[in-house]
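Input: a single structure, listed below in structure tokens.
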């Protein structure tokens, strides 16, 4: 079977990580293995300015009634959390480092395969941060081969998966850069994270 | 953005489950949330005759040294387990019912989305066995929209995911039906399942 994509599969030398898009909008589902909960969100991703906006979305079968918008500004070290209905806002120090949705240059090539089948498929590569001296990987990323779109990212701690995030409906670019500006309610913001009701 | 696929998205009435291919060969990765282990396998799937052959594959970072082949013959209610190197064979009664890789007709439509992005994507639908009277689903299946190839199946028990299986490199049809015939070592088979060493 000859794939319909215009390049020869697995012919080249050692695969090199592709360069993931620096700006996109799309949807994500994060599965938290600890709580067993799926979180669906609309995401705007801006790697140039190290900022991410996450708008939680209601699904048909969630017990939660509160939904939040999150604006992560890694360059300023600040996270804004905005409750969807009241617009109540919390401004929280961001302690995590910026971790882009991409394949770091020193990553380990794991696998290449098609999702789907003939006539209805995409080719993806799987990369991890596994090192020969270390038994297990802490991160596995699946990216499309042609345009390097993120498909899935999995994080592991002590051999147990902690979160898996799947990416959907990606569009390159940011249609409205205003989504990264916190609303006016954030001028007098709470200083502690608001808790979910579910 | 106009998708490159030749059909209008989300225009029709209530979506109907597509008919998944009845015969295919491909690869699967099953993630067991209980043990935290990924099992990679080459799979031959024959729904007409209700039989599945699973050939476990070594990955770069598994602690296991033993690998097994499994031949599930649901019509006969028999599972053969064959150790890859010694060909030692166990013949075990199959207690589970045949559960095909498809979307049952009474399934609940959950979502439709693209994996990947413009120029490098497939469109998939998500279905589950969720019912209005029941809070949680026990099965979620993701299938490609055009040719109904399985992409991912997730099983849940008491609100916790038990296994997630992802499907790769699918080819329609069975190139060698002989893979469903147990080897001669199965004529004098063990009657208990052999345990893994990992």
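Counting only residues that are in a strand (DSSP E or B) and over 16 Å from residue A:181 (Cβ atoms), which one in the stretch A:46-77 is modelled with the lowest pLDDT? Before the answer, list the steps.
Step one: of the stretch A:46-77, the residues in a strand (DSSP E or B) are A:46, A:51-57, A:68-73.
Keeping just the survivors that are over 16 Å from residue A:181 (Cβ atoms) gives A:56-57, A:68.
Numbers: A:56: 93, A:57: 88, A:68: 94.
So, considering only residues that are in a strand (DSSP E or B) and over 16 Å from residue A:181 (Cβ atoms), the one modelled with the lowest pLDDT is A:57.
Looking across the stretch B:20-39, the residues that are at the interface with chain A (Cβ under 9 Å from one of its Cβ atoms) and within 22 Å of residue B:176 (Cβ to Cβ) come down to B:21, B:24, B:26, B:27. Among the residues making up the stretch A:139-163, those that are modelled with pLDDT of 90 or more, in a strand (DSSP E or B) and at the interface with chain B (Cβ under 10 Å from one of its Cβ atoms) are A:140, A:142, A:143, A:144, A:150, A:151, A:152, A:154. For the stretch B:94-115, which residues satisfy the criterion of being within 25 Å of residue A:113 (Cβ to Cβ) and either in contact (Cβ under 8 Å) with a residue 24 or more places away in the chain or not in a loop (DSSP other than H, G, I, E, B) (or both)? Across the stretch B:94-115, the qualifying residues are B:100, B:101, B:102, B:103, B:110, B:111, B:112, B:113, B:114, B:115. Scanning the stretch A:18-45 for residues that are part of a loop (DSSP other than H, G, I, E, B) and at pLDDT below 95 gives A:33, A:34, A:35, A:36.
How many residues does the stretch B:121-138 hold that are more than 9 Å from chain A (Cβ to nearest Cβ) and either part of a strand (DSSP E or B) or touching a helix residue (DSSP H, G or I) at 6+ places or on another chain (Cβ under 9 Å) (or both)? Give the steps one after another, and end with the answer.
The first filter runs over the stretch B:121-138 and keeps only residues more than 9 Å from chain A (Cβ to nearest Cβ), leaving B:125-127, B:129, B:131-134, B:138.
From what is left, the residues that are either part of a strand (DSSP E or B) or touching a helix residue (DSSP H, G or I) at 6+ places or on another chain (Cβ under 9 Å) (or both) are B:125-127.
Count: 3.
Confirm whether residue A:118 is on the phi < 0 side of the Ramachandran plot, surrounded by fewer than 20 Cβ atoms within 10 Å (Cβ to Cβ), within 14 Å of chain B (Cβ to nearest Cβ) and without any contact (Cβ under 8 Å) to a residue 12 or more places away in the chain.
Details: on the phi < 0 side of the Ramachandran plot: yes; surrounded by fewer than 20 Cβ atoms within 10 Å (Cβ to Cβ): yes; within 14 Å of chain B (Cβ to nearest Cβ): yes; without any contact (Cβ under 8 Å) to a residue 12 or more places away in the chain: no.
No.
Could you check the stretch B:136-147 and list, in sequence order, the residues that are closer than 18 Å to residue B:111 by Cβ and surrounded by fewer than 20 Cβ atoms within 10 Å (Cβ to Cβ)? B:136, B:138, B:139, B:146, listed by residue number.
Only one of B:112, B:88, B:81 is more than 9 Å from chain A (Cβ to nearest Cβ), touching a helix residue (DSSP H, G or I) at 6+ places or on another chain (Cβ under 8 Å) and either closer than 30 Å to residue A:130 by Cα or surrounded by 14 or more Cβ atoms within 10 Å (Cβ to Cβ) (or both). Can you tell me which?
Numbers: B:112 fails: touching a helix residue (DSSP H, G or I) at 6+ places or on another chain (Cβ under 8 Å); B:81 fails: touching a helix residue (DSSP H, G or I) at 6+ places or on another chain (Cβ under 8 Å).
The unique qualifying residue is B:88.
Answer with yes or no whether residue B:74 is closer than 24 Å to residue A:110 by Cα and more than 9 Å from every other protein chain (Cβ to nearest Cβ).
Considered against the rule, which asks whether it is closer than 24 Å to residue A:110 by Cα and more than 9 Å from every other protein chain (Cβ to nearest Cβ), residue B:74 comes out as no.
Considering every residue within the stretch A:63-70, establish whether at least one is touching a helix residue (DSSP H, G or I) at 6+ places or on another chain (Cβ under 8 Å), over 30 Å from residue B:24 (Cβ atoms), crowded, with 19+ Cβ neighbours inside 10 Å and not assigned by the TED database to the domain that holds residue A:139. Looking through the stretch A:63-70, none of the residues is touching a helix residue (DSSP H, G or I) at 6+ places or on another chain (Cβ under 8 Å), over 30 Å from residue B:24 (Cβ atoms), crowded, with 19+ Cβ neighbours inside 10 Å and not assigned by the TED database to the domain that holds residue A:139.
Residues in the stretch B:168-193 that are in contact with a strand residue (DSSP E or B) (Cβ under 7 Å, 6 or more places away or on another chain), at negative phi and either within 14 Å of chain A (Cβ to nearest Cβ) or in a loop (DSSP other than H, G, I, E, B) (or both): B:168, B:170, B:171, B:172, B:174, B:175, B:182, B:183, B:189, B:191, B:192, B:193. Being surrounded by fewer than 16 Cβ atoms within 10 Å (Cβ to Cβ) and under 24 Å from residue B:166 (Cβ atoms) is a property that residue B:37 has.
Number of residues in the stretch A:166-198 that are under 20 Å from residue A:95 (Cβ atoms) and touching a residue at least 24 places away in the same chain (Cβ under 8 Å) equals 10.
The values are calculated or read from the model by the stated rules, or taken from the named source; none is laboratory data. These figures come from a predicted structure and were not determined experimentally. Quick reminder, even Gly has a Cβ in these numbers, built from the backbone with ideal geometry, and neighbours come from all protein chains shown.
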